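What follows is a short report on a single structure.
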Amino acid sequence: MLKVLTIAGSDCSGGAGIQADIKTITVHKQYAMSVITAVTAQNTTGVYGIMDVEPEFVAKQIDCVFCDIKPDAVKIGMVSNKDIIEVIADKLEYYKAKHIVVDPVMVSTSGNRLLCKEAEETLKTRLLPIAELITPNIPEASVLSEIEISKREEMEEAGSRLKKWVTGSVLIKGGHSKEQADDLLCWNNNINWICGERVANPNTHGTGCTLSSAIACNLAEGNNIYESVKKAKEYVTGALNAKLKLGVGSGPLNHSYLI
Ligand SMILES: Nc1ncnc2c1ncn2[C@@H]1O[C@H](COP(=O)(O)OP(=O)(O)OP(=O)(O)O)[C@@H](O)[C@H]1O
Ligand SMILES: Cc1ncc(CO)c(N)n1
């Protein structure tokens, strides 16, 4: 059985973070492991508290996983602060982790900061370079590339700029654009639009976490970057289409549609 590790924050309401990742990996019939970087108190209406895990304890969790059950792919989500980012980068380099997908989570859908401002530079210098793929949404791509993005050409410009200084590939997710839900993939020397129908569903809590962990599963299976992203996008579209209405705010996806 293939094994996928998620390094991310816990969402007690089950829609995003570690919980979304474990559901996604399990539905992909793979074995899920988790290193928790922070415990959040959140639900469909917002994030009400964050308790970071001590960096040494993040390191200890990574050691326990890699010394025993070596992952075939690793997804990284919420990483909170500079020290946590440093230990994750050190450990993944040390263990020569394969197929690293980094979702550079900065702000939640509800508008709360999940990465402190001072840590943005460390994310850029330590985590993005070790990724096979990074998956910023439009606001995150804008911060990282320093290009204002409001149309497709600007997504392409930001993607090309980011591709120049990351080692791996770049996927700019289009969920935040009003008209479509098309994502832009820059890989090798290719720029491809990964198009998908925009589902009329306000319950999009955890779409980004779900997409990045599904990509990690597809990479673990041996698919190339393009195939991995395409299949993962189909998974997210399916989970949005299988409408679930939970909570009073922006609710979670329905992962059980394939079971
Ligand atoms: N209404 C929608 N219909 C179809 N696909 C969508 C919709 N909203 C988001 N997506 C898709 O979901 C994936 C995640 O994109 P998005 O831009 O929402 O990420 P995010 O902002 O990181 O998500 P999160 O809500 O977890 O913070 C992308 O593949 C995007 O195209
Ligand atoms: C723990 C966690 N990670 C990521 C996100 C972004 O969706 C969230 N809301 N919560």
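The values are calculated or read from the model by the stated rules, or taken from the named source; none is laboratory data. As the structure is a computational prediction, the values presented were derived from the model and not from experiment. Heads up, the Cβs are rebuilt from the backbone with ideal geometry, glycines too, and the neighbour counts pull from every protein chain shown.
Taking the range 103-135 on its own, how many of its residues are without any contact (Cβ under 8 Å) to a residue 40 or more places away in the chain and among the β-branched types (Val, Ile, Thr)?
3
I'm checking my understanding of the structure. Among residues of the range 158-186 that are surrounded by fewer than 17 Cβ atoms within 10 Å (Cβ to Cβ) and among the polar types (S, T, N, Q), which one is nearest to ligand 1 (Cβ to nearest atom)?
So the residue we want is Gln180.
Suppose the filter is part of a loop (DSSP other than H, G, I, E, B), away from ligand 2 (no atom under 16 Å from the Cβ) and not small (Gly, Ala, Ser); does Lys124 pass it?
no
Within the range 103-123, is there a residue that is basic (Lys, Arg) and modelled with pLDDT under 95?
Yes, the range 103-123 has at least one match.
Table: residues versus (1) closer than 28 Å to Asp11 by Cβ; (2) over 16 Å from the mean Cα position of the chain (by Cα).
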site	(1), (2)
Ser142	yes, yes
Arg152	no, yes
Ser160	no, yes
Gly174	yes, no
Glu179	no, yes
Ile191	no, yes
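Only residues that are crowded, with 17+ Cβ neighbours inside 10 Å and within 25 Å of Asn224 (Cα to Cα): list them for the range 97-122, please.
Ala97, His99, Ile100, Val101, Val102, Asp103, Pro104, Val105
Given the structure, is Ile62 buried (at least 17 other Cβ atoms within 10 Å of the Cβ) and either modelled with pLDDT under 95 or part of a helix (DSSP H, G or I) (or both)?
Criteria met by Ile62.
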